[in-house]
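In what follows, a structure is listed as structure tokens, so that the remarks can point back to it.
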Amino acid sequence: MADPAPRRDTRGIVTPGELFSRVRFRRHLPAPGLRPYLEHYWLIDWALPEPYETRVVPHPSVNVVFQRYGPLGDASRDRSSAEVSGIGLGLFTKRLEGTGRVCGIQFRPGGFRPFAPALPVSEWTGRRVPLADVFPLTEAFPGAGGSGGEEAVLSSVLTPGTDEGRVAALDAFLLAHGPAPDPAAAQAMELVELVRSDRSVRRVARLARLSGLSPRSLQRLFASHVGVGPKWVILRYRLHEALERAGEEARPAGAHPDWAGLAAELGYSDQAHLVRDFTATVGLSPAAYARAVAVP
């Protein structure tokens, strides 16, 4: 199931070219024992002369996010925090300014529950909560000098000057909290990957047949281990592909994507359905978005 390298696509990132021109964005694989449960780690550093607003159409994934805003070593301006970010139901917008660093853990859809088995993943959907509300941080964190607690975790993850150091700290954090064996998580991850990779899965009824589960059992599995329903996952992956294809088709400027053909290819009932879904989520129509990202 694990990929040999991190994903390289930009699905979900609105105007990725603008983002990558302003920040250092990297993806890294976790330790082998964690790869069945994680998409990747994502690292961002920036030093901006003026504020920039980034926008993302979230994946059906839970993220753990360690973030620092302000220059390293300046306690008066250093604002650090760690949080569990449940699946975002709408467009995520974040304002970046000055200097900062983010180290994120993107779990595979279905892969978070083995690390936090106490509650269904739907408990975190649409929410961003402090890390300590989900993970016990009272014991000393490996490599944190024995100080323990959230401050030690933040220091271990955000301080290293190399990507390798940050990845090692993220590995240590996760391995200290699981994963717990969970056959249902493995089934949920397999089914979501099927939705992502197989365009013929356009309806919940088909996914239920392929899974051998009743539609109601499938809904329960997704609520407890993914955090959203299977219909939402199907629609979100369609939209991600439409977003990426809109950007691709817009190169060079003046290109005219076949929106009707794309709508049919992705399983929308018609072009109008695609346009409504895209516009409601991204804030621009597909045509307007294609113009916005077109290469002059």
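The values are calculated or read from the model by the stated rules, or taken from the named source; none is laboratory data. This one's a predicted model, so the numbers in the text were calculated from it and none came from an experiment. Heads up, the Cβs are rebuilt from the backbone with ideal geometry, glycines too, and the neighbour counts pull from every protein chain shown. The accessibility values were calculated without ligands, DNA or RNA, using every heavy atom of the protein model including side chains. Shrake-Rupley method; radii C 1.70, N 1.55, O 1.52, S 1.80 Å.
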Take the residues in region 79-89 that are open to solvent by 40 Å² or more (accessible area, probe 1.4 Å) and among the small types (Gly, Ala, Ser); name whichever of them is modelled with the highest pLDDT. Ser81
Within the bounds of region 150-168, is there any residue that is small (Gly, Ala, Ser), in a helix (DSSP H, G or I), exposed (fewer than 15 other Cβ atoms within 10 Å of the Cβ) and modelled with pLDDT of 95 or more? yes
Residue set Pro114, Pro30, Pro109, Pro60; condition assigned to a helix (DSSP H, G or I) and either buried (at least 20 other Cβ atoms within 10 Å of the Cβ) or touching a strand residue (DSSP E or B) at 6+ places or on another chain (Cβ under 9 Å) (or both); output residue Pro114
Could you check, for region 221-230, whether at least one of its residues is surrounded by fewer than 17 Cβ atoms within 10 Å (Cβ to Cβ), part of a helix (DSSP H, G or I) and not polar (S, T, N, Q)? no
